[in-house]
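See structure below.
Where a number appears in this text, it was derived from the coordinates with a stated rule and is not lab data. As the structure is a computational prediction, the values presented were derived from the model and not from experiment. For neighbour counting, all protein chains shown are included, and Cβ atoms are generated from backbone atoms with ideal geometry for every residue, glycine included.
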């Protein structure tokens with residue numbers, strides 16, 4: 001291993017990785033353009049195959065699923081010039097483009113492109129999934145999921161065990177997960193010694209307890225708390241039959257609203273439902289609901305998607321005259337809550353009056369990761385543009401460019 005003095009700075013590694021990823025994005029766009037032309041000219045007929053995806057899987061050593069997706073995306077990009085341009089410039093990853101091409105059209109392409117350029121691939125995929133669920137066509141996917149529901153039992157007498165595999169629609173599966181969470185937590189309160197038991201074992205025990213409770217006719221758990229509340233986000237416009245986003249297929253949401261308890265939270269454009277001032281340090285139930293709805297029941301630390309063991313964090317602590325209101329509260333998982341309180345990380349307002357996270361050395365943690373343009377030093381390139389600073393390799397020139405940028409260190413010498 002190299003001495004510490006000879007190692008490249010982390011910032012340089014970060015910059016080089018980002019640059020290479022931009023080149024890979026541009027080369028992937030070039031590949032998809034070639035695939036589209038090959039398919040349009042029916043080049044796969046020369047090899048006696050049935051379609052372009054079959055040829056691509058055979059010729060390029062791809063799985064059939066991957067090949068089908070590449071062919072689909074290649075053709076979809078033909079009518080999306082804005083997304084194609086950003087992809088060709090290396091500003092969009094293939095993961096983002098794959099999700100965008102499922103919902104993008106000439107009508108909403110510009111809006112989706114602006115969102116994709118400032119969001120992570122995970123957020124883009126979720127936004128596109130919500131847009132698909134917000135349309136009436138999504139009822140077909142919901143019907144397919146319902147038709148595919150199944151439960152299989154496999155006995156293994158040699159291991160004295162049984163494997164139960166269940167496939168359910170997403171909304172029903174979420175309900176089962178919440179029921180398991182409650183059964184698991186109830187058992188832990190009754191038997192504290194189970195705290196050292198593995199997570200998967202406790203989940204299995206919770207499943208057994210649910211079955212035993214049903215067989216014994218135990219209906220004492222009729223009331224639950226909001227830790228086991230399933231939250232579904234849906235735009236009012238989508239419910240009214242117009243355009244909008246929905247976390248589940250829109251017809252499925254309407255069905256849930258028919259016979260389920262609904263907690264309606266009306267938000268403004270900034271997601272600020274209510275505030276209770278400094279009357280209480282403990283976050284009350286109504287405010288917890290609003291906080292979880294605003295933060296999508298997810299840790300707000302950049303890049304973290306943890307939805308379990310979330311804490312209501314006062315950005316300005318109670319002891320420092322911090323108020324118990326939405327503007328002063330964020331959801332944080334246990335790990336990042338510890339980093340903020342004991343790891344030196346800070347939370348401060350940025351120039352747009354939004355909360356941002358700072359590392360112990362004062363460097364801001366970007367909300368959606370670094371974009372390619374973030375690597376440009378404006379002190380050295382005050383009037384430069386991305387195309388002037390980072391040159392996208394010409395067609396067929398990616399490999400040579402990468403070889404010039406990557407210098408692999410020699411293998412370490414091991415003493416035997």
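Kirkwood Rh over alpha-carbon pairs of segment 7-118, then Stokes-Einstein at 37 °C and 0.692 mPa s: what D in µm² s⁻¹, rounded to an integer? Can you show the working numbers first?
Numbers: Rh = 15.2 Å.
Stokes-Einstein gives a translational diffusion coefficient of 216 µm²/s.
When you have a sec, figure out the Kirkwood radius of segment 285-365 from all distinct Cα pair distances and drop it here in Å to one decimal?
Details: mean 1/r = 0.0770 Å⁻¹.
13.0 Å is the Kirkwood radius here.
Does segment 48-203 come out rounded, prolate or oblate by the C-alpha gyration tensor, with a ≥ b ≥ c the root eigenvalues, rounded set by a/c under 1.5 and, if not, prolate when a/b is larger than b/c and oblate if not? Can you show the working numbers first?
Numbers: a/c = 2.40, a/b = 1.75, b/c = 1.37.
Because a/c hits 1.5 or more and a/b exceeds b/c, segment 48-203 counts as prolate.
Between residue 240 and residue 11, what FRET efficiency follows from the Cβ-Cβ distance if R0 is 35 Å, with the result rounded to 0.05? Each step should come with its number before you reach the end.
On the way: r = 50 Å, r/R0 = 1.42.
Here the calculated transfer efficiency is 0.10.
What is the distance, in nm, between label points placed 7 Å from the Cα along the Cα-to-Cβ direction at residue 143 and at residue 187?
So the label points at residue 143 and residue 187 sit 3.9 nm apart.
Sorted by average packing, counted as other Cβ atoms within 10 angstrom per residue and highest first, what order do 232-244, 289-301 take?
Numbers: 232-244: 14.1, 289-301: 19.3.
Going by the mean number of other Cβ atoms within 10 Å, highest first, we get 289-301, 232-244.
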